[in-house]
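*Asks:* First, the structure itself, so that you have it in front of you.
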Amino acid sequence: MGLTKILSMLLAAGLVVAGATTPAQAQQRGGVLNVATIGEPPTLDPMGSTADLVGMVTQHVFETLYTFDAKWKITPLLAQDMPTVSEDGLTYTIRLRKGVKFHDGAAMDAKDVIASLNRWMRVATRGKAAAVNIAKIDALDAHTIKITMKEPYAPLLSLLAFNNSAAVVMPRRFESATTITEPIGTGPYKFKERKVDQYINLVRFDGYKSRDGKGDGYGGGRAQYLDEIHFVPVPDGATRVEAAVAGQFGYTDSIPIESYARLQKAGSKSAPVLIKPFGYPLFVLNTKTGLASNQNIRLAIRNALGESDMLQAAFGDKQFFSADAAFYPEGYQYHTNAGTKGAYDIADPQKAGDLLKAAKYDGKPLRILTSRQYEFHYKMALVAAEFLKASGFKVDLQVVDWATLTQRRTNPDLWDIYITHSPFLPEPTLMSLMSSTSPGWWSSPTSQTAIKAFNQTLDPKQRVAKWAEVQKLIYSEVPAIKIGNFNALAAQSPQLQGVTPAPWPYFWNAWLKK
């Protein structure tokens with residue numbers, strides 16, 4: 001179904017709020033916000049996917065025990081306060097907020113939290129990683145739980161706070177569910193309706209109990225000014241640009257970076273929102289089976305690629321990207337150049353070809369999985385394919401929609417490389433790359449030893465040094481290839497107020513001028 005027809009349907013149903021030109025006003029209650037997304041989320045179960053689009057939508061419906069504030073520090077959400085942690089780091093006592101209700105009217109208590117964490121450890125990529133280190137979870141009373149660890153595990157609170165493959169709290173009856181078809185959480189908005197390829201409709205939850213205080217990043221108070229939020233899939237990047245310029249959406253996510261100047265011009269009914277720095281594109285290699293399970297093949301891929309040219313093709317203007325091999329740029333706590341020297345932006349077809357010979361490469365196609373819904377992924381894929389062909393690879397470039405990609409990448413028999421991106425995350429263990437159960441399945445003896453040592457180290461300064469050792473292994477074993485740093489672009493109507501630029505945009509505390 002075309003965008004024009006979808007918008008006509010929304011207008012007919014009263015779901016599109018017309019633009020306004022009144023001066024800035026105080027927060028106003030009411031209205032329906034329409035958000036253009038890059039496509040259809042593969043699921044509305046936040047535990048069941050690492051796709052950013054899933055977290056972006058479901059964070060309005062579900063909540064976690066903790067979240068991140070504006071400085072990316074962990075802060076309580078459904079927890080009453082920060083946990084009491086034993087000196088040996090083996091027990092976490094967590095008090096829960098009282099009076100919190102689910103969207104079905106039931107009160108949240110410790111049994112719901114424990115059931116949710118049990119499900120998270122069973123079905124979520126990040127939950128499975130945490131489960132290896134968790135001995136048991138007990139209820140001390142109706143509003144207090146205790147997590148007992150097998151050994152110290154520094155990333156635990158970050159994993160409990162992350163909205164991706166998220167440890168959300170849901171009613172206890174869902175503990176044994178494989179998938180969630182009835183999204184019921186504690187969030188400020190509740191699920192009303194989904195029409196696939198048309199919209200997902202969330203409405204204000206009148207029983208919501210917000211934390212006190214002002215909003216602080218994803219933490220703090222969550223005001224519900226909007227009556228409804230509609231997430232509308234608009235898979236084509238050019239179409240999203242046209243819709244933003246015409247003011248057809250209050251917020252348009254993931255705009256192709258070359259449209260920045262156009263959004264700034266007079267006549268555009270949306271303004272550009274630049275998130276700087278945002279993160280990095282990543283080529284994830286399938287280390288489990290197929291071509292990329294061979295170490296020399298992975299090294300050949302790394303030596304074939306020229307990341308600078310790929311970034312130039314994807315983003316054009318250097319104000320939107322930088323060629324940088326470090327997984328954290330300068331200014332971040334975990335910045336290090338360990339392992340990067342001579343291992344980035346090589347573009348050496350002769351060296352790559354020699355590694356292919358050592359691997360006894362027989363001409364089998366290298367399957368690259370990408371999507372045009374993130375246009376910069378596709379542009380990088382085109383350039384990468386040429387580099388790889390010049391080095392002797394036969395390339396099978398598979399272009400699919402993002403929902404299909406996120407499904408296919410879970411099957412190791414279907415791909416050799418998939419293209420994704422990530423924001424700069426406050427804790428390295430939040431990277432999917434760091435989990436042996438995440439697509440890519442990096443699990444060598446050396447990697448698991450290094451990652452375990454990093455995760456067991458509680459001292460922040462020592463953790464920085466341990467991270468440097470992990471980054472060295474990423475560059476020597478090549479489970480993934482970081483392409484560089486980039487800034488992300490979105491578009492926002494002047495009618496929409498109160499939105500803080502963020503990697504996963506959220507719309508509590510936002511309102512529409514009338």
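*Asks:* If you go through region 293-306, how many residues are among the small types (Gly, Ala, Ser) and buried (at least 24 other Cβ atoms within 10 Å of the Cβ)?
*Replies:* 2
*Asks:* On to the next question. Exactly one condition in (1) among the small types (Gly, Ala, Ser); (2) in a loop (DSSP other than H, G, I, E, B); (3) more than 29 Å from GLY217 (Cα to Cα) is false for GLY187; which is it?
*Replies:* Evaluating GLY187 over (1) among the small types (Gly, Ala, Ser); (2) in a loop (DSSP other than H, G, I, E, B); (3) more than 29 Å from GLY217 (Cα to Cα) leaves (3) as the failure.
*Asks:* State all residues of region 484-514 that are hydrophobic (A, V, I, L, M, F, W, C), part of a strand (DSSP E or B) and closer than 13 Å to THR252 by Cβ; if no residue qualifies, say none.
*Replies:* Matches in region 484-514: ALA488, LEU489, ALA490, ALA491, LEU496.
*Asks:* Residues to consider are ALA323, ALA300, ALA304, ALA292; find the one that is more than 30 Å from GLY247 (Cα to Cα), in contact with a strand residue (DSSP E or B) (Cβ under 6 Å, 6 or more places away or on another chain) and in contact (Cβ under 8 Å) with a residue 24 or more places away in the chain.
*Replies:* ALA292
*Asks:* Shifting gears a bit: Among the residues of region 175-182, is there at least one that is surrounded by fewer than 17 Cβ atoms within 10 Å (Cβ to Cβ) and within 20 Å of the chain's Cα centre (by Cα)?
*Replies:* yes
*Asks:* Kindly state which helices (runs of 4 or more DSSP H) lie completely within region 248-338 and contain at least 2 residues that are touching a Ser or Thr at 6+ places or on another chain (Cβ under 7 Å).
*Replies:* Counting at least 2 such residues, we get 260-264, 295-304.
*Asks:* Ok, one more. Residue pairs, Cβ under 7 Å, 6 or more apart or interchain, first in region 26-38 and on the phi > 0 side of the Ramachandran plot, second charged (D, E, K, R). List them.
*Replies:* Correct list of pairs: GLY30/ASP227; GLY31/ASP227.
*Asks:* Among the residues of region 257-276, which ones are surrounded by 19 or more Cβ atoms within 10 Å (Cβ to Cβ) and under 30 Å from LEU366 (Cβ atoms)?
*Replies:* Across region 257-276, the qualifying residue is only ILE257.
*Asks:* Please verify whether ARG126 is buried (at least 23 other Cβ atoms within 10 Å of the Cβ) and basic (Lys, Arg), treating the condition exactly as stated.
*Replies:* In short, yes.
*Asks:* Scan region 472-484 and give yes if some residue there is under 22 Å from LYS71 (Cα atoms) and either of a type outside the set (S, T, N, Q) or outside the structural domain of MET149 (by TED's automatic domain parsing) (or both), otherwise no.
*Replies:* Taking every residue of region 472-484 in turn, none turns out to be under 22 Å from LYS71 (Cα atoms) and either of a type outside the set (S, T, N, Q) or outside the structural domain of MET149 (by TED's automatic domain parsing) (or both).
*Asks:* So which of ALA13, ALA51 is more than 16 Å from PRO503 (Cα to Cα) and either touching a Pro at 6+ places or on another chain (Cβ under 8 Å) or at pLDDT below 95 (or both)?
*Replies:* ALA13
*Asks:* Please specify each residue of region 486-498 satisfying the condition of being under 21 Å from ASN164 (Cα atoms) and crowded, with 20+ Cβ neighbours inside 10 Å.
*Replies:* Correct list: PHE486, ALA488, LEU489, ALA490.
*Asks:* While we're on this one: Would you mention how many residues in region 46-72 are among the basic types (Lys, Arg) and either free of Cβ contacts under 8 Å to residues at least 24 places away in the same chain or in contact with a helix residue (DSSP H, G or I) (Cβ under 7 Å, 6 or more places away or on another chain) (or both)?
*Replies:* Counting residues in region 46-72 that are among the basic types (Lys, Arg) and either free of Cβ contacts under 8 Å to residues at least 24 places away in the same chain or in contact with a helix residue (DSSP H, G or I) (Cβ under 7 Å, 6 or more places away or on another chain) (or both) gives 0.
*Asks:* Within region 250-292, which residues are more than 28 Å from ALA323 (Cβ to Cβ) and over 22 Å from the mean Cα position of the chain (by Cα)?
*Replies:* LYS265, ALA266, GLY267, SER268, LYS269, SER270, ALA271, LYS288, THR289, GLY290
*Asks:* Something else now. Can you pull out every residue in region 198-225 that is crowded, with 18+ Cβ neighbours inside 10 Å and among the hydroxyl-bearing types (Ser, Thr, Tyr)?
*Replies:* Residues satisfying the conditions are TYR199, TYR208, TYR218, TYR225.
The values are calculated or read from the model by the stated rules, or taken from the named source; none is laboratory data. The shown structure was predicted, so the numbers you read here are calculated from the model rather than taken from an experiment. So basically every Cβ, Gly included, is an ideal-geometry build from the backbone, and we count neighbours across all protein chains shown.
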